[in-house]
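Each remark here refers to the structure printed beneath this line.
The values are calculated or read from the model by the stated rules, or taken from the named source; none is laboratory data. None of these values were measured; they are calculated from a predicted model. Cβ: placed from backbone, ideal geometry, glycine included. Neighbour counts: every protein chain shown.
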Amino acid sequence: MSTLLTLTDIHAGYGAVPVLRGVSAHVGATESIGLFGPNGHGKTTLLRTVSGLMAPSTGRIQFDGQDITGAPPSDIVGLGLVHAQQGNTLFGDMGVAETLELSAFVKRARGGAKAALDQVYALFPRLAERRRQLAKTLSGGERQMLSIGCALMCNPRLLILDEPTLGLSPRLKQELAEAIGAIGKTGIPLIVVEQDVQFLLALTDRLYLVEHGEIAREIDAANAPDHQEIMEMYFGGAQE
Ligand SMILES: Nc1ncnc2c1ncn2[C@@H]1O[C@H](COP(=O)(O)OP(=O)(O)OP(=O)(O)O)[C@@H](O)[C@H]1O
Ligand SMILES: [Mg+2]
């Protein structure tokens with residue numbers, strides 16, 4: 001399988017505080033990846049670094065053979081590496097349809113905007129029902145759907161989702177899981193962060209455990225250890 005995204009020895013942090021301490025990882029062109037690990041250990045920081053929202057202090061990021069280290073987020077989105085922002089509130093005073101349509105601003109998305117909109121409404125019928133509603137009046141779960149919908153409107157080649165089901169009821173979580181599974185089945189590789197490892201095992205091919213800003217373990221979803229063992233890895237790291 002060819003490699004779509006390669007991270008080599010990434011270090012990044014906030015001011016003088018280091019968070020990522022040498023992350024190397026990859027995503028194949030036809031696979032989806034899950035990230036899990038204790039709170040505050042650097043998952044979101046890693047995603048923000050990949051999508052250009054922050055620059056690594058050292059290390060290299062390659063996407064589809066191009067070096068994108070330090071590239072501005074707009075260029076990175078333009079290449080099709082799209083990070084769905086959590087609870088997208090940017091366009092709160094705009095309607096759902098308008099927000100989605102405006103998200104197809106990147107060159108690679110323009111021609112297919114109509115088909116992408118149909119795809120988003122098919123995946124999320126709740127958004128179709130609320131297409132004329134103001135984005136700021138959506139519920140948390142609907143807002144999460146809108147955020148993923150906006151990312152899909154960019155015609156992604158790799159889609160990044162950071163805790164897409166955070167704070168949602170079990171029923172909505174299931175709805176989101178089905179939609180994310182359906183997106184994966186269309187052939188778009190995903191990077192998904194979730195605390196719920198079973199959720200990730202069902203949706204992705206490979207998992208990375210992020211601990212203390214490093215990749216502590218790699219797990220093949222097809223040969224995953226049992227639940228108990230995964231929980232020990234998880235909480236073992238959290239207690240250190
Ligand atoms: N903007 C910021 N300024 C300073 N420190 C930050 C900032 N954002 C995150 N941090 C710190 O960086 C560390 C890693 O945070 P990060 O959000 O990447 O963790 P995470 O693994 O995504 O956690 P969670 O599971 O809670 O979402 C934490 O110690 C956090 O306090
Ligand atoms: Mg996070």
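Among the residues of segment 203-214, are any among the hydroxyl-bearing types (S, T, Y), buried (at least 21 other Cβ atoms within 10 Å of the Cβ) and in the same structural domain as K107 (by TED's automatic domain parsing)? Within segment 203-214, not a single residue is among the hydroxyl-bearing types (S, T, Y), buried (at least 21 other Cβ atoms within 10 Å of the Cβ) and in the same structural domain as K107 (by TED's automatic domain parsing).
Residues that are more than 16 Å from ligand 2 (Cβ to nearest atom) and either assigned by TED's automatic domain parsing to the domain that holds R110 or among the aromatic types (F, W, Y) (or both): does segment 193-201 have at least one? Scanning segment 193-201, I find no residue that is more than 16 Å from ligand 2 (Cβ to nearest atom) and either assigned by TED's automatic domain parsing to the domain that holds R110 or among the aromatic types (F, W, Y) (or both), so the answer is no.
Residues that are modelled with pLDDT under 90 number at least 1 in the following helices (runs of 4 or more DSSP H) confined to segment 93-140: 107-110.
Of all residues in segment 173-198, those that are on the phi > 0 side of the Ramachandran plot have Cβ atoms under 8 Å from Cβ atoms of residues that are not in a helix (DSSP H, G or I), 6 or more apart or on another chain, in G187/T30.
Against the list (1) in contact with a strand residue (DSSP E or B) (Cβ under 8 Å, 6 or more places away or on another chain); (2) of a type in the set (S, T, Y); (3) not in a strand (DSSP E or B), the condition T6 fails is (3). Among residues of segment 6-32 that are on the phi > 0 side of the Ramachandran plot, those with a Cβ under 6 angstrom from a residue that is exposed (fewer than 14 other Cβ atoms within 10 Å of the Cβ) and at pLDDT 95 or above, sequence gap 6+ or separate chain, pair up as D9/S24; G22/D9.
Taken over segment 12-25, the residue count meeting the criterion of being over 20 Å from the mean Cα position of the chain (by Cα), part of a strand (DSSP E or B) and of a type outside the set (K, R) is 4.
Of all residues in segment 113-125, those satisfying the criterion of being surrounded by fewer than 18 Cβ atoms within 10 Å (Cβ to Cβ) and closer than 22 Å to G181 by Cβ are A115, D118, Q119, A122, P125.
Taking first residues from segment 47-61 that are closer than 15 Å to Q85 by Cβ and loosely packed, with under 15 Cβ neighbours inside 10 Å and partners that are at pLDDT below 95 and not polar (S, T, N, Q), no Cβ contact under 7 Å between residues at least 6 apart in sequence or on separate chains turns up. For segment 100-114, the set of residues classified as of a type in the set (D, E, K, R) and either in contact (Cβ under 8 Å) with a residue 40 or more places away in the chain or farther than 20 Å from L127 by Cα (or both) consists of E101, K107, R108, R110, listed by residue number. Restricting attention to segment 42-60 and to residues that are more than 16 Å from the chain's Cα centre (by Cα) and not hydroxyl-bearing (S, T, Y), the residue that is nearest to P18 (Cα to Cα) turns out to be P56.
Quick one: G167 ticks every box in (1) within 16 Å of ligand 1 (Cβ to nearest atom); (2) at pLDDT 95 or above except a single one, so which number is it? So G167 meets the others, but not (2). If you go through segment 26-67, how many residues are assigned to a loop (DSSP other than H, G, I, E, B) and near ligand 1 (Cβ under 8 Å from one of its atoms)? Counting residues in segment 26-67 that are assigned to a loop (DSSP other than H, G, I, E, B) and near ligand 1 (Cβ under 8 Å from one of its atoms) gives 6.
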